[in-house]
Amino acid sequence: MTDELRDEELSRLYRESGGGEPPSALDAAILAAARAAVKPPPRRRPLWRAWALPVSVAATVVLTATLTLTVQREQERAAPEALPPVQAPAAPAAAPAQALQEAKPTRKAEAPALPPAAAEPKPAPAPAVPMSAERPQAAPAADAVELRAKSVAPALRKEAAGSAPLARTPEQWLEEIRRLKNQGKETEAAEALAAFRKAYPDFPLPEDLR
Amino acid sequence: MHEGMGDEALMLAYRDGDAGAFEALYRRWRSRLYRYLLRQCGSPAQADELFQDIWLKVVNARRGYEAAAKFSTWLFRIAHNRLVDHYRAQGRVEVASYDDDPDDADVVAAIPARAQEQPEALLVRKALVEELVRQIEALPAAQRETFLLSEEGELTLEEIAAATGVSRETAKSRLRYALNKLRAGLRELK
């Protein structure tokens, strides 16, 4: 009790009254609430980790779908481009059909001569050999190509003479026929003239060759 | 561990997360606060409810606690506010009695305090205790509260004034008036 108004007798009497006590269940409830209030909260998973799985799944789905669509589009785009090489020769073949028919034997004749020349240089460079060693090997290879070309050239020229329509103009061809005739090679001149007429049926022949 | 610590140190320790400090503080004050409430509202059920509310307010207000005042003053201020709310919710007249303060309490001086016990009259003493409890319950709420804060809370007049939100003189007047009535009632019994 306050000092100013202290009444020891009254205080003593009051303390003897005792009085009530809070029920033990109430004590337990209050203490539990007090403990819970200062108990560190359970560690929550960070937000980014909680979303990690759904986001990664969604990203995988989007990536897969995008790749699939891209591949499909590329295939669709590549398909029309791949077809023309198969069909393309058909169109130009129709236009100069006649000329090509004449050229066929010439090309056949050229074919066996060219491949060896083109195939020869391939084995020449050796990948494992250093640069300094490569040069001496490469030079003979180039010489071989040149030599072979030289040997092929007369053959080609000879073939070209037989297949005049592709090698010469009609005027040049006629001049050659005229030369054969002047040299007295009547048979060859006649054959050449027949070939010329076949190749150029509408070309007007000069008076001396009719 | 918490035995030698003062109330304020215990409350600060609890604020900083020491649940054991709260338990020590609770054990120290539970009976006094409960009796204060029980004598004020008269019903154990209501006292239980108020008691729990007040301690939960202490728990929830821990972060704002500063050791500027005594813990007991802080605790009984919370109890006082809760009790006033309770009276208002009940529509009881005790709220009005807080404004009904007598100016003059000089009659206290005229009532002599009991100098010594009467050892031969144990039965009479028991009857006196029972009468005292009845007299306390019969006091106006403001005077009863002031008396109980003085007895149960061991608060000074300044602390009672701080806990109940009145001036020191008002608290002094209430206490003097309460003592006057209690002595008068006991004297009649004798």
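FYI, it's all coordinate maths here, none of it is from the lab. Source: prediction; values computed, not measured. Every residue, glycine as well, gets a Cβ built from its backbone with ideal geometry; the counts of neighbours run over all protein chains shown.
Go ahead and run the numbers for FRET between residue A:25 and residue A:55, Cβ-Cβ distance against an R0 of 45 Å, rounding to 0.05.
0.40
So between residue B:134 and residue B:28, what do we pick up on full extension, going 0.36 nm a residue minus the alpha carbon distance?
Contour length minus the Cα-Cα distance gives 35.5 nm.
When the gyration tensor of region B:6-86 is built from Cα positions, what are the square roots of 5 times its three eigenvalues, in whole Å, from largest to smallest?
Those come to 22, 12, 11 Å.
Tell me, what is the FRET efficiency for residue B:61 and residue A:77 to the nearest 0.05, using R0 = 56 angstrom and their Cβ-Cβ distance as r?
The computed FRET efficiency comes out at 0.15.
Among B:170, B:150, B:182, pick out the residue whose Cα is farthest towards the positive end of the charge dipole of region B:133-190, where Lys and Arg carry +1 and Asp and Glu carry -1 on C-beta, about the Cα centre.
Checked the options; the winner is B:182.
Region B:1-46: which GluC sites (Glu not before Pro) are DSSP loop and have at most 11 other beta-carbon atoms within 10 angstrom?
Answer by residue number: B:3.
For region A:32-71 and region B:159-190, what is the separation of their C-alpha centers, rounded to whole Å?
Rounded to whole Å, the Cα centres lie 64 Å apart.
Of the peptides B:142-152, B:163-173, B:62-72, A:5-15, how do they stack up when ordered by the mean number of other Cβ atoms within 10 Å, highest first?
In descending order of packing, they fall as B:142-152, B:163-173, A:5-15, B:62-72.
Sequence-distant or interchain residues sharing an amide H contact under 5 Å with residue B:61, placed H: which?
none
Peptide B:127-139: average number of partner chain Cβ atoms within 10 Å per residue?
Other-chain Cβ atoms within 10 Å of each residue's Cβ, averaged: 2.
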